[in-house]
Structure formats: C-alpha cells, structure tokens
Amino acid sequence: MTNIRLTKPTIAVLETLLSATDDDPAWGLSICREADLGPGTVYPILDRLAERGWVTSREETGPHPGRPARRFYQLTGSGRLQARDALEARAARRFRFGLSGGTA
C-alpha cells in the first residue's frame, strides 16, 4: 500500500469514512454531502483509495424501490490505520509550524 496525497478534499473524504459506522455506513452521496464536495471530486478520491487498498465497497443488497442501489464504502483495517496515522501526522506538522484551526 502506498501513501495518499492529503489534499483538503481527500482529508474531508477520509474524515467522513472514519466517522462512518456499521449502523450508518458511508455511501456515495452521503460522502459528498458530509465532505461538502461534488461527485466529480469524491468518486476519483474513492477510486484512488480503493486502488491503494485503503477502501472497499459493496452494493446495497436490501430493497431500494424507486432508486438505484447505493454503493457503500468502508475503510479496510489497514486503510483505517493509515488514514488515522496520516491525519495525525498532518495535524502534528500543522501544530509544529503554528498552523492551527481547520481540518486535522
């Protein structure tokens, strides 16, 4: 697995995925809303995270009348560790350089 470039949009997507639970999973449009990003930004980030083994996805299996099945995204075990480590390292660098506030 390789590192991910931590752009502000990537950070927002990772934070959304980190906050997802089994009872409230992250799915495409919910990630867009939570991260305040458009699908043209979110889906390429999710693709890159999946290519690097940080994220897996699955299609909704329950009933979904009147709409297409949603695709749920979940950090892998190692993806969750790497995401937390990357965000913590970024926060430490920002603190060290006196850049407080904002995301992570």
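Filtered by the rule that a residue be touching a helix residue (DSSP H, G or I) at 6+ places or on another chain (Cβ under 8 Å) and either under 17 Å from Arg70 (Cα atoms) or polar (S, T, N, Q) (or both), the stretch 31-56 gives Ile31, Cys32, Glu34, Gly38, Pro39, Thr41, Val42, Tyr43, Leu46, Val55, Thr56.
May I ask you to list the residues in the stretch 42-62 that are outside any helix (DSSP H, G or I), without any contact (Cβ under 8 Å) to a residue 24 or more places away in the chain and under 17 Å from Glu15 (Cα atoms)?
Within the stretch 42-62, Thr56, Ser57 qualify.
Filter the stretch 63-75 down to the residues that are free of Cβ contacts under 8 Å to residues at least 24 places away in the same chain and within 12 Å of the chain's Cα centre (by Cα) and list them by number. Full working, then the answer.
First, pick out the residues of the stretch 63-75 that are free of Cβ contacts under 8 Å to residues at least 24 places away in the same chain: 63-69.
Selection gives nothing.
When Leu37, Leu14, Leu18, Leu29 are screened for being among the hydrophobic types (A, V, I, L, M, F, W, C), crowded, with 16+ Cβ neighbours inside 10 Å and part of a helix (DSSP H, G or I), only Leu14 passes. Restrict the check to the stretch 80-100 and report whether at least one residue is of a type in the set (S, T, N, Q) and more than 18 Å from the chain's Cα centre (by Cα). Yes, the stretch 80-100 contains at least one residue that is of a type in the set (S, T, N, Q) and more than 18 Å from the chain's Cα centre (by Cα).
Quick note: the coordinates plus some simple rules give every number you see, no bench work behind them. Quick caveat: nothing in here was measured; it's all calculated off a predicted structure. Here Cβ is always computed from backbone atoms with ideal geometry, including for glycine, and neighbour counts include all displayed protein chains.
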